[in-house]
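Input: a single structure, listed below in structure tokens.
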Amino acid sequence: NQGIRLLAIDLGASSGRVMLGSYRDGKVTVEEIHRFPNGPVEVNGHLHWDVQRLLQEIKHGIAAAVASYGPLHSLSVDTWGVDYGLLDEQGGLLYAPHHYRDQRMADIALALEAALPPAEQFKLTGNQPSPINTVYQLFADLKAKQELRATARQLLLMPDLFNYMLSGVAVAEQTIWSTSGLLNPQSTAPSAEVLRRLELPVTLIPRLVPAGTVLGELRPALQEELCSGPLQIIAGASHDTASAVASIPYGEPGSSSSGPDQTGGVGPALREAAFISCGTWSLVGLETAEPVLSDAARASGFTNESCFGGTNRLLKNITGLWLLQETQRSWAEAGEPLSHQEAAELAGQLDRPSACIAELDPNDPLFSTPGDMPLRIESYCIRTGQPVPQTRAEIIRSILESLARSYADTIRELEVLTGCPVRCIHMVGGGIQNKLLCQLTADATGKDVIAGPVEASAIGNILVQLTALGAVDPAEVRRVAARSCSTLRYQPSLTHQS
Ligand code: ADP
Ligand code: LRH
């Protein structure tokens with residue numbers, strides 16, 4: 001009994017992976033078929049995504065999986081949020097999609113906010129206003145290139161774009177569109193008011209579909225090229241964060257997080273466990289029944305996004321391990337590369353009491369664009385009157401301790417906003433391989449951290465596909481996740497000062 005075999009194509013901002021999922025005896029197992037780097041590509045002073053290369057990598061992964069395992073049932077692509085491609089009348093891409101770290105929005109953001117102030121955006125969409133949001137980027141692109149009003153026929157967010165390139169079917173999947181700043185807070189329809197106030201054409205938005213919608217089969221030409229047979233393409237929980245949260249094994253013994261509202265109904269949180277999805281970004285939040293649209297939520301930087309199944313994620317986007325990735329990139333360019341594992345080990349070996357550790361605000365705009373991160377950390381320290389970390393270990397440790405501190409601050413804010421105590425934290429994603437970061441998070445929050453799975457987005461992607469195929473009942477997803485994932489528990493160390 002081979003069970004059901006399917007592919008999760010999980011594109012993160014720093015790497016993409018093609019993962020084979022097998023579902024048998026009520027459990028999912030995953031195996032990495034192909035991994036490739038991803039990141040911003042500068043063309044004529046602007047940052048873009050290399051969509052054609054990413055498509056080639058995806059195709060390579062499909063062919064490799066079929067060569068090793070034979071026919072597969074389905075595949076689904078999930079990606080980072082907010083970015084998009086515009087299609088012309090023939091269904092071709094008008095230009096290479098911009099990367100959300102591109103700086104073309106700097107001035108135009110003010111014009112957008114004059115037409116639609118941030119507080120109104122938040123009430124109308126539930127999304128925290130930010131120049132990276134689709135709505136800001138689209139407003140900027142339509143102002144800069146007037147001809148797009150005539151030539152652009154459809155706007156596809158990144159996972160919808162890849163699923164379209166594979167299947168020929170264009171949709172707007174709800175979880176990824178919940179990052180756009182263009183839908184109502186429940187992500188069930190475009191916000192007519194936002195579109196009207198910003199003069200954005202509603203016709204660009206394809207048909208909205210929920211996570212777990214079968215789109216059709218792999219295009220015939222691709223079937224012939226890659227797998228000589230049918231392969232279903234599914235719009236899963238296409239936002240990588242929605243997929244990651246779908247994989248969380250809530251209800252793991254001792255996590256006090258198995259059922260809805262165990263707080264006695266004090267607040268809107270669905271569980272007493274918070275999550276941290278830890279990759280290029282750190283997404284720190286709680287699942288709630290409904291979007292939280294209070295002024296306090298907006299003022300403290302929270303956003304609302306859709307989960308698989310229609311619940312809400314109240315979360316903050318924290319500039320996460322991007323700080324470390326860019327630091328490592330600078331060192332590699334200087335001829336002194338350091339792997340992820342070496343970086344974590346170096347910071348762990350530091351003699352902490354005598355070390356020079358800076359307190360960084362990861363969300364300071366200084367850190368948001370590509371550049372010489374060690375130099376920026378130095379400028380930040382000078383600006384904020386702190387001693388400058390000197391050694392590589394001190395720089396890494398400053399980043400990791402600052403991330404853990406901002407996680408702790410965010411979790412305290414979540415408790416105040418929802419009125420629900422957070423008992424423990426589920427950490428998922430590539431960043432949990434950094435054991436020091438997990439321990440620092442337990443120490444800074446004073447709460448148990450349950451770490452796992454690493455490949456959360458891929459596992460969530462597979463689980464949602466299984467519901468679309470009718471193999472797993474949506475109500476069973478958490479239980480299958482709990483059976484499929486092993487976790488590691490970190491407890492606050494005795495030296496923790498709360
Ligand atoms: P994304 O999906 O945004 O591309 P990932 O979830 O793949 O990000 O996480 C990538 C991050 O995980 C890296 O930036 C790195 O900091 C961390 N990481 C990956 N592998 C390891 C490792 N072996 N040890 C420590 N940290 C790691
Ligand atoms: C993380 C993520 C996050 C944001 C950002 C742009 O990969 O999806 O949730 O949307 O990318």
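The values are calculated or read from the model by the stated rules, or taken from the named source; none is laboratory data. Since we're looking at a predicted model, the values are computed, not measured. Note: ideal-geometry Cβ built from the backbone for every residue, glycine included; neighbour counts use all protein chains shown.
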Problem set entry | Residue in the range 2-26 that is farthest from the chain's Cα centre (by Cα), counting only those that are outside any strand (DSSP E or B) and on the phi < 0 side of the Ramachandran plot | 2
Exercise. If we scan the range 435-442, do we find a residue that is part of a loop (DSSP other than H, G, I, E, B), away from ligand 2 (no atom under 16 Å from the Cβ) and among the aliphatic types (A, V, I, L, M)?
Worked result: no
Problem set entry | Filter result for the condition that a residue is at pLDDT 95 or above and either within 16 Å of ligand 1 (Cβ to nearest atom) or not in a strand (DSSP E or B) (or both), over 425, 395, 450 | 395
For this session: Search the range 385-410 for residues being polar (S, T, N, Q) and over 17 Å from residue 363 (Cα atoms), and hand back the single one that is surrounded by the most Cβ atoms within 10 Å (Cβ to Cβ).
Result: 386
For this session: Please work out if residue 382 is farther than 20 Å from residue 449 by Cβ and crowded, with 22+ Cβ neighbours inside 10 Å.
Result: no
Exercise. Pairs, please: C-beta under 9 Å, at least 6 apart or cross-chain, first residue under 17 Å from residue 4 (Cβ atoms) and in the range 470-495, second at pLDDT 95 or above and basic (Lys, Arg)?
Worked result: 480/27; 483/27; 484/27
For this session: Name the single residue, out of those in the range 207-222 being free of Cβ contacts under 8 Å to residues at least 60 places away in the same chain and in contact with a Phe, Trp or Tyr (Cβ under 9 Å, 6 or more places away or on another chain), that is nearest to residue 469 (Cα to Cα).
Result: 215
For this session: Residue by residue through the range 311-357, note down the ones that are part of a loop (DSSP other than H, G, I, E, B), farther than 30 Å from residue 242 by Cβ and among the small types (Gly, Ala, Ser).
Result: 334, 335, 355
For this session: Scan (1) within 16 Å of ligand 1 (Cβ to nearest atom); (2) in contact with a Ser or Thr (Cβ under 6 Å, 6 or more places away or on another chain) for the single condition residue 61 breaks and write down its number.
Result: (2)
Seminar exercise, completed: Filtering the range 312-348 down to residues that are away from ligand 2 (no atom under 16 Å from the Cβ) and either modelled with pLDDT under 95 or β-branched (Val, Ile, Thr) (or both) yields 327
For this session: Go through the range 27-108 and tell me which strands (runs of 3 or more DSSP E), entirely inside it, have 2 or more residues that are free of Cβ contacts under 8 Å to residues at least 24 places away in the same chain and under 21 Å from the mean Cα position of the chain (by Cα).
Result: 27-37
Seminar exercise, completed: Considering residues that are within 16 Å of ligand 2 (Cβ to nearest atom) and within 13 Å of residue 323 (Cβ to Cβ), the number found within the range 376-431 is 3
